[in-house]
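In what follows, a structure is listed as structure tokens, so that the remarks can point back to it.
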Ligand code: G3P
């Protein structure tokens, strides 16, 4: 079964504009491993350049509508797919979206074959979103995001429960928040997650490629 690692560039200075391209060029030198997929969630203005550097491995950090049209200031799944973006995070705790909108976007994205990674902040949300049958749910407790304590050590019981819920609905579970090293990846996997999301542990690292390589090793 494929294990997915998503590196979220967020809106960090170290991962925006020309620095986003440098970081991406550095990270694509990391080792490739069968059954391990490494994707990069890049900021909206860096998406077009990112796909020329890492085609097939770039996702968006959020999406606003399904189709293109009279939607000022929006980013649509239709446009993203057209330019070669491979999916999008949705409802990240730093970019929350109404449940009705999530459901609408999910329906449209499924028809297009555009994967959405629906972020959930709690077990209740994991339950509720799993009923919508997305391909992926990304469980990230907001209080651990950007910190040094990883979700896999602080909330092991919740990961196992989330994994049971997702398995029953045939949804893949990713987990994130505070993930930093190989142990976090191993533990998350043992608890039933099929991938991890990581931001600060890579983007703010002194040696991002070494940090990512150690996660890939452990995946
Ligand atoms: O989307 C991943 C992110 O929210 C986790 O952030 O810095 O705790 O790895 P971080």
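Each value in this text was obtained by applying a stated rule to the coordinates, not by laboratory testing. Here the structure is a predicted model, which means the values were calculated and not measured. As a convention, Cβ positions derive from the backbone with ideal geometry for all residues, glycine included, and neighbour counts pool all protein chains shown.
Dividing the summed -39500 (n - 2.57) terms of all DSSP H runs of n ≥ 4 by the residue count of the chain sets its mean residue ellipticity at 222 nm at -11000 deg cm²/dmol. With r as the distance between the Cβ atoms of residue 190 and residue 25 and R0 = 25 Å, compute the FRET efficiency 1/(1 + (r/R0)^6) and round to 0.05. That pair, residue 25 with residue 190, gives E of 0.15.
Shape of the chain from the C-alpha gyration tensor: oblate (a/c of 1.5 or more and a/b not above b/c, with a ≥ b ≥ c the square roots of its eigenvalues).
Of all DSSP bridge pairs formed entirely within the chain, close to 0 percent run antiparallel.
Using 0.36 nm per residue and subtracting the Cα-Cα separation, the extra length available between residue 217 and residue 12 on full extension is 71.2 nm. Mean separation of Cα pairs under 8 Å and 6 or more residues apart, divided by the residue count, gives the stretch 16-97 a relative contact order of 25 percent.
Per-residue Cβ neighbour counts within 10 Å put 126, 203 in the sequence 203, 126, beginning with the fewest. Between residue 122 and residue 98, the modelled label-to-label distance comes to 2.0 nm, taking each label 7 Å out from Cα in the direction of the beta carbon. One way to sum up the overall shape of the stretch 61-173 is the equivalent ellipsoid from its Cα gyration tensor, whose semi-axes run 26, 16, 11 Å, largest first.
Overall shape: oblate for the stretch 1-83, with the ratio a/c of the largest to smallest alpha carbon gyration tensor axis at 1.5 or above and b/c at least equal to a/b.
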